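These notes are about the structure you will find just below.
The values are calculated or read from the model by the stated rules, or taken from the named source; none is laboratory data. Small disclaimer: the values here were computed from a predicted structure and weren't measured. FYI the Cβ positions are ideal-geometry reconstructions off the backbone, even for glycines, and counts take in every protein chain you see. Side chains are part of the model used for accessible areas, which takes the heavy atoms of the whole protein and leaves out ligands, DNA and RNA. Shrake-Rupley method; radii C 1.70, N 1.55, O 1.52, S 1.80 Å.
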Amino acid sequence: MRLKQRNKLIRMSKMLSMAFVIFLQIYWYKIRRKPASEWEKLWGKIGERYRNTLFELEGLLIKVGQFLSTRADLLPKAFISQIEDLTDKVPPSDWSEIEKILENQWGKALHENFLSIEKTAIASASIGEVYKGVLKDETEVAIKVKRPYIDSIVQTDFRVLAIIIWFADHFVPIPKGFINFKVLFNELKQVIERELDYTKELDTILFFRERFKDMDVVKIPSVYSELSTSNVLVMEWVEGIRLTDIKAMEQVAVSREELAQRLIKVFLPQWLEPGRFHADPHPGNVLVSLDGKIILLDFGMIGEISKKDAAHFQNLIESFLSKNYSKAVDCLAQLGFLLPEADSRTIEKLLAELISFEPEQLKQMDLLVFKKEMNDTIQALPIQVPTRFVFLGRSFVTIEGIIRNLAPEAELMELGKPIFIEWLNKQGNNKWSLLWQWIQSQPVFKIIHSVTEFLNAPQRLEDLKELEQRRQFQFMIFENNKKHLFQLTLLGITGIVAGIYTSHALILNLSVGGTGAALAGYYISSLKQKKWMRYMHEKRRV
């Protein structure tokens, strides 16, 4: 079965019509000054419309939806709720098309390399499909093949997305946190283009095999470079159990708490050390063998951490473990999670409350309600997730969910503490760093910190208040100018229609001239706003 709506014109028209209907709805609500409750309903409808179009067209839109679902800090919760449970599952292609791709890539018939290949895909997503095969030496392998025509489909989708992003960047009201649409688009494009080239995934697998070669609790499949190309990836076949399969997990020789710690041991270095990390560790990509080894699969989606950010993350973890929340707030600010107007004392108290939850409390809580309340709290605070950390956050949250499922009785911080200390010692550091963090969290140091904050608070608050007032005032000027010019554009378009209908040349000419002037003014105003926003973006260190 082929990917739906392969025809380029049909895909482009459906995507563009969906986007422009959404833009018009947003502007209509903005002009009519709809209350928050009505906006909530609108974003729910927009999310539903996007979801329906996504399932109709498949392809890149599924990846875009998964990406957007990670931005709950920037996008309306009613929209996120419609797309947060998306799964990248697409009906497999016809075997005849897959067979042609394989023979074309290898330059020979399949029987020359394989004893057999199962003609039914064992996994099928928007970009690739996986088939099971047996080599001439009777070794079982997994054959990952790029979907037919997917390169052309993705190119079409990217062209349309570029148009939509440009329009959104210039004409759509900016949500909280000043979303940089271009940065989001470029990051998405980089991730998808990497997934489209299987030679890069092969390189990543080799990198991770080397990285974890001395860790006996993790298993990463070997690859067959001689059979792999940019469109085909041949890997060792590895049997494993999903960590979410409770019944099958009873066969594993290791306790669930031990497995949870092994997961932390495998992923903690990825989150804290400079370099690449697995950005898509969902339950289908993280399995466990019967002897308790963590199996990592599918390295198409990865992220990368810089040395500077890695150092800040390490300090952040140390701060949490020593319960030095003041230091943790400083780390969050250095990483760019806190906006300038954030009150450090409020964030400090929030972190303390979050970390202080006991396992018994979590058991008695409705975790879905708790998650919703936390999202609401985060959106109400001057906090946002820098774009460069979106996939890191996704990786962390996914593994945290698996660990919670594995060991619901255990406290996450207690499970991770010995693993972190072990990792810390291996870095050439020692426990003095952690001890110093703990000393700084003691009452005497807190009193000194509080006195210093108290003395500096009046001037700091005055500076923040003045900065925020200037920022809000300038933003409203830009928005009002754009609103008036947009209304003039609509009036001009109405005049053009009336001029054509009545065949009145004067009305038509005046309307065309007025519309052109209004559009030019809107464009110039948008450029000025973007220049100002870039300046504010740099000041916020995002």
Can you tell me which residues in the stretch 209-256 are out of contact with any Pro (no Cβ under 8 Å at 6 or more places or on another chain), closer than 15 Å to Asp291 by Cβ and hydrophobic (A, V, I, L, M, F, W, C)? Met215, Val217, Val218, Ile241, Ala248, Met249, Val252, Ala253, Val254
Given the conditions (1) aromatic (Phe, Trp, Tyr); (2) modelled with pLDDT of 80 or more; (3) not in a helix (DSSP H, G or I), every one holds for Phe357 apart from (2)
Which number in (1) at pLDDT below 60; (2) open to solvent by less than 80 Å² (accessible area, probe 1.4 Å) marks the one condition that Ala352 misses? (1)
Looking at (1) buried (at least 19 other Cβ atoms within 10 Å of the Cβ); (2) farther than 27 Å from Glu138 by Cβ; (3) not acidic (Asp, Glu), which is the only condition Lys293 fails? (2)
State whether one or more residues within the stretch 76-94 are farther than 19 Å from Leu161 by Cα, among the β-branched types (Val, Ile, Thr), at pLDDT 80 or above and in contact with an Asp or Glu (Cβ under 9 Å, 6 or more places away or on another chain). no
Report yes if some residue within the stretch 484-493 is modelled with pLDDT under 80 and under 30 Å from Gly336 (Cα atoms); otherwise report no. no
Of the listed residues (Arg2, Arg51, Arg11, Arg32), the one being modelled with pLDDT of 75 or more and open to solvent by 70 Å² or more (accessible area, probe 1.4 Å) is Arg32
Could you check the stretch 87-115 and list, in sequence order, the residues that are small (Gly, Ala, Ser) and surrounded by 12 or more Cβ atoms within 10 Å (Cβ to Cβ)? Ser93
Residues of the stretch 269-287 being farther than 26 Å from Leu424 by Cβ and either acidic (Asp, Glu) or touching a helix residue (DSSP H, G or I) at 6+ places or on another chain (Cβ under 8 Å) (or both), in sequence order, are Asp280, His282, Pro283
Qualifying residue in the stretch 120-142 (condition: of a type outside the set (Gly, Ala, Ser), open to solvent by 60 Å² or more (accessible area, probe 1.4 Å), under 27 Å from Leu57 (Cβ atoms) and modelled with pLDDT under 90): no
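Yes/no per residue for (1) open to solvent by 30 Å² or more (accessible area, probe 1.4 Å); (2) at pLDDT 80 or above; (3) touching a His at 6+ places or on another chain (Cβ under 6 Å); (4) of a type in the set (Phe, Trp, Tyr):
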{"residue": "Asp169", "(1), (2), (3), (4)": "no, no, no, no"}
{"residue": "Gly177", "(1), (2), (3), (4)": "no, no, no, no"}
{"residue": "Leu188", "(1), (2), (3), (4)": "no, no, no, no"}
{"residue": "Ile192", "(1), (2), (3), (4)": "no, yes, no, no"}
{"residue": "Thr199", "(1), (2), (3), (4)": "yes, yes, no, no"}
{"residue": "Val218", "(1), (2), (3), (4)": "no, yes, no, no"}
{"residue": "Ser222", "(1), (2), (3), (4)": "yes, yes, no, no"}
{"residue": "Ser225", "(1), (2), (3), (4)": "yes, yes, no, no"}
Return yes when Val512 is at pLDDT below 80 and either closer than 30 Å to Phe337 by Cβ or surrounded by 14 or more Cβ atoms within 10 Å (Cβ to Cβ) (or both) and no when it is not. no
